[in-house]
Every structure is written in C-alpha cells, then in structure tokens.
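Below is one structure, written out as structure tokens, with a few remarks after it.
The values are calculated or read from the model by the stated rules, or taken from the named source; none is laboratory data. For clarity, every value in this text was computed on a predicted model and none was experimentally measured. Quick reminder, even Gly has a Cβ in these numbers, built from the backbone with ideal geometry, and neighbours come from all protein chains shown.
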Amino acid sequence: MSRLGLLLPMLIAAAAYPVTARQAAPTFEVASIKPSQSTEQAAFIHRNTGGRFRAENITVFGLIQQAYNLFDFQISGAPSWLNRDRFDVEAIAPSTALRQGGLLQRLLEERFSLRVRREKREDDIYALVVARSDGRLGPGLRPFPGNCTPAPGGSSPCTMRNGPNFTDAIGMPLSFIVDQAAGNVNRIVIDKTGLTGRFEFSYKWTSDPLATDGVSFMTALEEQLGLKLERTRGLIDVLVIDSVDRPTAN
C-alpha cells in the first residue's frame, strides 16, 4: 500500500470545503464499489497510466487518505464503520492521465455522499534540524555541486533509489528527507535546517525494533546524515467529515 495515516482544542480559520465549486471536476467514467469478501486485514491499491484505479479490501477511511493525501490523525469526525467496513473498488478514468486525488474525491462525494471541510488546528509536529551545534553534516549527506541538466543524448545525473529501509539520492532537495521522515514518524515534519539547494544523501535503517544488525530511523538521521527531529507545536491541516454514507449500489 502506498504510502501511506496522519490536535490544542482551538480551531483556527475554519473554512467550508465547497462541493458546488467542483461540479465541473472530472469523474471516473465507470466505477464499481462492492463489499470485500477478503479475510485479510491488509489493503492493496493498484493504479496504472491507462487511467485504471483498483483498491482491494480497503476502508473508506483509507480511500479518504488516498484522495486527500493525509495522515490518519489529520482526519476528524469519522464514524466507526469508516475504519471497519471494507470494499473492493475498481474505476476507469476519462483519460490516460489518472489524476487520482481529484477523481477519488469526486467518487467519494458521489457514491459515499462525503461532505467535508478543512480546518487548521494546533498539534504536535516535528522540526528537522541540523544535529551538531557547529553545523557539520553527517558522512551520508553533502551538497550536490553539479546540476540536473541531462547531457546531450543522455539522462540526468540526478537520481534517487529508495526502499522501505534505505535511500540513495544524487542531486535531490532536502524535501525528500522531510517527506520520508514524516512517513516514518507519522507526524507532520517541517524543514528548519536552513539548508538550501540540492544534495547527495545515503542512509539506511531498520524498522524492526528487535533487530540487532541495524539502527532506527531517528538514529540513522543523526549518525548518518547529521540531522535530527525535534518535537514542537504547529498548525496542521485537518479534514473534518461532516457527513458520509455507506456506498450507493453500482
């Protein structure tokens, strides 16, 4: 599954999320939603450039996360069935360019009668900072001195290769590390390093707390990149569910 669940009770700048302004938004040409018969707990999401989207054994909560690209804690007001009942979804987009987010949002509005609004709330977040007081970086992180322009007839020297527990990158902005950190700690992460430009970075870690041959993500950040996460407070985007129904029949 893609990646994939992100509050001081004061609500700030609550804003309605206008559905009527999106009436001209594209919709799936065909969409099938059926209760899942699977006994598995995992959900599987498939998409391709031909405009086809398929999700197996997924909750509506999971679909909302996919549609709005949110962590679980950024969604408020969900009834209990939203995270319990599972469905199989198959849909075809009107073109080969599958703009998944907007199409899924419209599907949720049409078939689940989803009505939402956005708010800002204060919550715990993390700030990514340079770990050492002298500003020195770790052995796995250094500025990239070149540029990403491809040579004539060649490819760009800027590349990235990553997996569940490693990343190797050349000529990439620090935002990739910020996004990866957010996924690992399941919290919003903001960049407070003061570092700009493109970088080369390489680090690896283990997600298994019982492993003896690796380090945690936090330790890898500090020891290999010379960065660390500091807990702080900040405003985050929250999607408030005003109403949602079980899906209409196909």
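Would you confirm whether or not the stretch 195-212 contains a residue that is surrounded by fewer than 16 Cβ atoms within 10 Å (Cβ to Cβ), closer than 28 Å to R121 by Cα and modelled with pLDDT of 95 or more? Scanning the stretch 195-212 turns up no residue that is surrounded by fewer than 16 Cβ atoms within 10 Å (Cβ to Cβ), closer than 28 Å to R121 by Cα and modelled with pLDDT of 95 or more.
Within the stretch 148-174, the set of residues being in a loop (DSSP other than H, G, I, E, B) and out of contact with any Lys or Arg (no Cβ under 8 Å at 6 or more places or on another chain) comprises T149, P150, A151, P152, G153, G154, S155, S156, P157, P164, L174.
Every test in (1) at pLDDT 85 or above; (2) touching a strand residue (DSSP E or B) at 6+ places or on another chain (Cβ under 7 Å) is passed by L98 save one, and that test is (1).
Within the stretch 47-77, being over 19 Å from the mean Cα position of the chain (by Cα) and closer than 20 Å to K120 by Cα holds for one residue alone: G77.
The set of residues in the stretch 140-194 being polar (S, T, N, Q) and either touching a His at 6+ places or on another chain (Cβ under 8 Å) or under 14 Å from K204 (Cα atoms) (or both) consists of N162, N165, T167, Q180, N184.
For first residues located in the stretch 115-140 and within 10 Å of E230 (Cα to Cα), partners that are among the hydroxyl-bearing types (S, T, Y) and surrounded by fewer than 17 Cβ atoms within 10 Å (Cβ to Cβ) and lie 6+ apart or on another chain with Cβ distances below 9 Å form the pairs I125/T232; Y126/T232; A127/T232.
Of all the residues in the stretch 80-92, those that are in a strand (DSSP E or B) and closer than 30 Å to E119 by Cβ number 4. Restricting to the stretch 154-174, what's the tally of residues that are of a type in the set (G, A, S), modelled with pLDDT under 95 and under 21 Å from the mean Cα position of the chain (by Cα)? Number satisfying all stated conditions: 1. Residue under question is G171, and the condition is that it be at positive phi and surrounded by 16 or more Cβ atoms within 10 Å (Cβ to Cβ); does it hold? When the stated conditions are applied, G171 passes them.
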